[in-house]
Amino acid sequence: MPQTSDINRQILLESRPVGAPTQANFRMVETPVPTVQAGQMLLRNRWMSLDPYMRGRMSDAKSYADPVPVGGVMTCGTVSEVVSSQLEGYAAGDLVMCFASGWQDYTLSDGSMVFRLDRNMAEPSQALGVLGMPGFTGYMGLTDIGQPKVGETVVVGAATGPVGTVVGQVAKVLGCQVVGVAGGAEKCEYAVKELGFDACIDHKDPALAEKLAAACPKGIDVYFENVGGKVFDAVMPLLNAHARVPLCGLIAQYNATSLPEGPDRLPQLMRLMLSQRIRMQGFIIFDNYGHCYPDFLKTMTPWVAEGRVRVKEDRVEGLENAPDAFIGLLEGKNFGKLVVKIAD
Ligand SMILES: NC(=O)c1ccc[n+]([C@@H]2O[C@H](COP(=O)([O-])OP(=O)(O)OC[C@H]3O[C@@H](n4cnc5c(N)ncnc54)[C@H](OP(=O)(O)O)[C@@H]3O)[C@@H](O)[C@H]2O)c1
């Protein structure tokens, strides 16, 4: 059923997943479109973002943000149109990006985490990717924590996603050698041929460690960690003295229900970090860098317009298809920034 003006379709968290999420963890309901009160505006959601962090919100394990309650609407960022407003500064017809939105047709907003967009923006969905939270994450993690220098080797996992594509392309702009790690030949070919990476290694290849070593003959100076697991195992022995590791995400672990098998790698990692004086720093983009977002947009918007940073989106049609698309994201089925088109 398409979006209508009197029904608010919402996708709720039906139950908390154990391991990989399934359709049974989600439920779609139909509710009336909410009424605007003083200090609020009603947003009609046109595009919604699907991102790996949502797996964390489905769990009640300790994290940096509160979980979605069971029975609550799944959270997300949306590109939305203001339907009606009793909030100063916003009027019907404005186009906005709302980071505190939901998997639903309509969102009531008090204006927090809302950014105004240009109504004539050619591709509004880019506000959820390269010009939004993931692009901002790649840019800040790389430049502020990674501190890449001309000629250094930068490695990034999940290389064809919205974070990885920005990390790799910005590192190229800054004069680095860039090696991506991605799932499958098609994604690797895209990273090299379309994004300009120097090499890209398939993490499904049993010879991942050897191939990564061959692609990084001078070792690794910056490893932008998106993945963890066997990708990190392959990276670890290649880290140079004074390497920097922006710790952005660990998607290989998000569905895990227990620690990985095999030897405990922690003593090895701690010894390496000490002897090679490696700096590894975790960050949560808006907690660490929220104040930098306007400056990021000033840099990235022209780079995208000029084609200096290329963009790939994986567009899914229809709110009802969001759960399947999200389940696929955690399996690497998306190719590019995953967005759902809810309505025109
Ligand atoms: N710290 C922050 O503030 C922040 C903000 C945004 C995102 N992040 C993190 O950044 C990372 C990338 O996010 P994104 O939005 O750009 O995601 P994305 O690349 O669009 O999607 C996730 C990708 O991860 C890869 N993947 C999934 N399971 C994997 C596994 N077991 N081993 C290796 N790769 C696997 C898949 O790509 P392949 O097919 O190429 O393997 C999948 O397409 C995630 O870890 C996310 O949580 C952190």
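If you go through the stretch 57-90 and pick out every residue that is assigned to a loop (DSSP other than H, G, I, E, B) and either outside the structural domain of residue 119 (by TED's automatic domain parsing) or in contact with a helix residue (DSSP H, G or I) (Cβ under 9 Å, 6 or more places away or on another chain) (or both), you end up with 8. In the condition set (1) more than 11 Å from the ligand (Cβ to nearest atom); (2) within 29 Å of residue 192 (Cβ to Cβ), residue 281 is compliant with all but (1). The number of residues in the stretch 106-132 that are assigned to a strand (DSSP E or B) and farther than 12 Å from residue 80 by Cβ comes to 0. Close contacts from the stretch 87-104, counting a first residue that is buried (at least 17 other Cβ atoms within 10 Å of the Cβ) and a second that is among the hydroxyl-bearing types (Ser, Thr, Tyr), with Cβ to Cβ under 6 Å and a gap of 6+ residues or different chains, come to 96/80; 98/78; 98/80; 98/109; 101/78; 101/107; 102/75.
The set of residues from the stretch 201-235 being more than 10 Å from the ligand (Cβ to nearest atom), in a loop (DSSP other than H, G, I, E, B) and of a type in the set (A, V, I, L, M) comprises just one member, 207.
Starting from residues that are closer than 20 Å to residue 14 by Cα and in a loop (DSSP other than H, G, I, E, B), keep the ones in the stretch 91-105 and report whichever is nearest to the chain's Cα centre (by Cα). Only one residue tops the list, namely 103. Only one of the numbered conditions (1) out of contact with any Lys or Arg (no Cβ under 7 Å at 6 or more places or on another chain); (2) at pLDDT 95 or above; (3) of a type outside the set (D, E, K, R) is violated by residue 106, and that is (1). Scanning the stretch 23-50 for residues that are outside any strand (DSSP E or B), exposed (fewer than 15 other Cβ atoms within 10 Å of the Cβ) and out of contact with any helix residue (DSSP H, G or I) (no Cβ under 7 Å at 6 or more places or on another chain) yields 24, 34, 35, 37, 38, 39.
Any residue that is touching a helix residue (DSSP H, G or I) at 6+ places or on another chain (Cβ under 6 Å) and either modelled with pLDDT of 95 or more or within 11 Å of the ligand (Cβ to nearest atom) (or both) - is there at least one of those in the stretch 263-271? No, the stretch 263-271 contains no residue that is touching a helix residue (DSSP H, G or I) at 6+ places or on another chain (Cβ under 6 Å) and either modelled with pLDDT of 95 or more or within 11 Å of the ligand (Cβ to nearest atom) (or both).
The values are calculated or read from the model by the stated rules, or taken from the named source; none is laboratory data. Just so you know, these numbers come straight off a predicted model, no measurement behind them. Heads up, the Cβs are rebuilt from the backbone with ideal geometry, glycines too, and the neighbour counts pull from every protein chain shown.
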